[in-house]
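A short worksheet on the structure shown next.
Any read-out appearing in this document is the output of simple, stated calculations on the displayed coordinates, not a laboratory observation. Every value quoted in this text rests on a predicted model; they were computed, and no experiment measured them. Here the Cβ positions follow ideal geometry from the backbone for every residue, glycine too, while neighbour counts run over all protein chains shown.
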Amino acid sequence: MTTSVSAALKHWPFADFLAAGKGLGLTDPPVIDGPAGPTVVRDGRTLANFASINFLNLQDRADVQRHFLDGIARYGLTTGGSRMTQGICRPHLELERELCAATGKERAISFASGLLANLGFVHAMTHHMNLGQGWEIDNQDAVFVLDRDAHWSLWKAVENLTYGRQLFAFRHNDAADLNRILSRLEGKKTVVVFESVYSADGTVAPIGTLLDLCERHQALSYVDDANGFLLYGAENRPFAAEFDALRRADFVMVSFSKSVGLEGGAIAGPTDPMLALELLSGTSMFTAAMQPPTASTATRIMRLLRTEPAIVDDYLRRVAVFRERLAEIGFPPHSTPSYLISVPAGDDATAVELKDSFLARGYLVPVFFYPAVPRNKPLLRLILNAGHTEEHLDGFLRTLADLGGRLGLGGAR
Ligand SMILES: Cc1ncc(COP(=O)(O)O)c(C=O)c1O
């Protein structure tokens, strides 16, 4: 079959852009066959996988798979329409109720992804909507204050707000800087946005301290808990104080693509804004929702993680041991002991060599380059998978020590 390419495309310099980035191996993704989990079959080769955000690997459980199939039989494959035109499908309603129970919030709304939850929230909180007959809302006077390292989806959501008037940024995890900004916004309709756990380097927000400031300055708080959801907060887990404080946030956003290992996102918060979000977010009414079996299985997994806390406890214990072993071989990870493990990988050229050498030896190890991290400060961003065997971990550490020695990285011994 012949394909036609418009001559007008010459005005967009995509070809030059792709050619310039070819060396990084990011411009034409390899093909994956079979499920992506602790291992992955990529272009026909089986690799130990340190890239998957489905780190609890619950999709491997027979009961989870059965539940998903049962969800198809009971609810079908698609919602087939929006909540406004048809109504809320039962599995979405149950998911939202479960999320309310988990977060201590009154009401929740689900979206097809976490990104759409973030975009929809900011849209609803900053827009003017006139539906006629006196049914009108004007939120254009809202002000957003974001942590500088907030996720791409959050910065995308606020990109039309005028910086310095409707939009401010505070230094990453810096409560004093947030306080300085909020002091200047006294009396404004302000929303403070930060993450619980930051995906690039695994840092954790001082959640309680930041929420104290929001309360003191009467600003609303919106915490993107995509990466921390269902992992932390219990007494015997890391970051207990930070995550217990999360219950005080006005709004908590979650993604179901991380600990839950499916796809979708949601926001939990007070009843009125949550109900209004269905109408005002745009990303609820004007796009597809989570598929019903996915929503139903997300609820099932949330309950599973509550009733079988050993799933997360064991995982976090293995993460802690793995971090210690990285330090022992001269690659101490970022000092925040979260499950998102980042290790400096030299400069860009060394990091590309490291990544390629890992691949050649059977390990898929992601490297984060700019803009995910500052320029020429690439990071190995490792995610241990609950399905990794000890052989996977031993082999990875041996390979890192060897490659590190060859490339002059870390304090390799
Ligand atoms: C902090 C943060 N927020 C939002 C998202 C988007 O979530 P989703 O993958 O469900 O769209 C991600 C995913 O990478 C994330 O790390």
Farthest towards the positive end of the dipole of the chain, among Y75, H172, L354 and with Cβ unit charges of +1 on Lys and Arg and -1 on Asp and Glu, lies the Cα of L354
Tilt, helix 310-328 to longest principal axis of the chain (alpha-carbon atoms), in degrees rounded to tens, equals 50
Between D314 and H11, the two model label points (7 Å from Cα along the beta-carbon direction) sit apart by a distance in nm of 5.9
At q = 0.07 1/Å the base-10 log of I(q)/I(0) from the Debye formula over the alpha-carbon atoms of the range 62-307 is -0.23
For the chain, longest principal axis from Cα atoms; helix 271-280 axis from its Cα atoms; angle between them, nearest 10 degrees, is 80
Summing -39500 (n - 2.57) over every DSSP H run of at least 4 in the chain, dividing by its residue total and rounding to the nearest 500, the 222 nm mean residue ellipticity is -12000 deg cm²/dmol
Normalised Cα Rg of the range 74-205, dividing by 2.2 N^0.38 Å with N its residue count, works out at 1.24
Between the Cα axis of helix 292-307 and the main Cα principal axis of the chain, the angle (0 to 90°, nearest 10) is 70
Restricting to aspartates and glutamates and to Cα separations under 16 Å from K22, and discarding same-chain partners fewer than 8 apart, the set is D348, E353, D356
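If the chain between R180 and L359 were fully stretched, how many nm would it gain, using 0.36 nm times the residue separation less the Cα-Cα distance? Could you put the intermediate results ahead of the total?
Numbers: separation 179, 0.36 × 179 = 64.44 nm, distance 4.65 nm.
Stretched out fully, the R180 to L359 stretch lengthens by 59.8 nm.
Given a Förster distance of 30 Å, report the FRET efficiency between A51 and M129 from their Cβ-Cβ distance, rounded to the nearest 0.05.
Values: r = 41 Å, r/R0 = 1.35.
According to the calculation, E is roughly 0.15.
When the chain is fully extended, how far beyond the present Cα-Cα distance does T162 get from S4, taking 0.36 nm per residue of separation?
Gain in length upon complete extension: 52.8 nm.
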Along the dipole axis of the range 12-87 (charges at Cβ: +1 for Lys and Arg, -1 for Asp and Glu; origin at the Cα centre), the most positive-end residue among F55, F17, V41 is F55
Taking 97-104, 8-15 and ranking on average Cβ neighbours within 10 Å, highest first, one gets 97-104, 8-15
Per the 1/(1 + (r/R0)^6) rule, R0 = 51 Å and r from the Cβ atoms of F286 and V321, FRET efficiency to 0.05 is 0.65
Rounded to two decimals, the Debye log10 I(q)/I(0) of the chain (Cα scatterers, no solvent) at q = 0.09 Å⁻¹ is -0.61
Computed for the chain: size of charge dipole around the Cα centre, +1 on C-beta of each Lys and Arg, -1 on C-beta of each Asp and Glu, debye to nearest 20, value 280
In nm, the gap between the two label points placed 7 Å beyond Cα toward Cβ at A372 and R398 is 2.7
Taking the dipole of the chain about the Cα centre (Lys, Arg +1; Asp, Glu -1; charges at Cβ), the one of L305, L400, A219 that reaches farthest to the positive side is L400
Percent of all alpha-carbon pairs of the range 255-316 at distances over 18 Å, whole number, is 49
Here, E390 and A349, labelled 7 Å along Cα→Cβ, have an inter-label distance in nm of 4.1
Mean projected area (nm²) from the convex hull of Cα positions in the range 268-403 is 12.0
Counting only DSSP beta bridges with both partners in the range 62-307, the antiparallel fraction in percent, to the nearest 5, comes to 40
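Run through the DSSP bridge list for the chain and note the antiparallel percent, rounded to the nearest 5.
Values: 26 of 46 bridges.
Antiparallel: roughly 55 percent of the beta bridges in the chain.
Taking R0 as 30 Å, what FRET efficiency do you get between M84 and D63 from their Cβ-Cβ distance, rounded to the nearest 0.05?
Numbers: r = 34 Å, r/R0 = 1.15.
It comes out at approximately 0.30.
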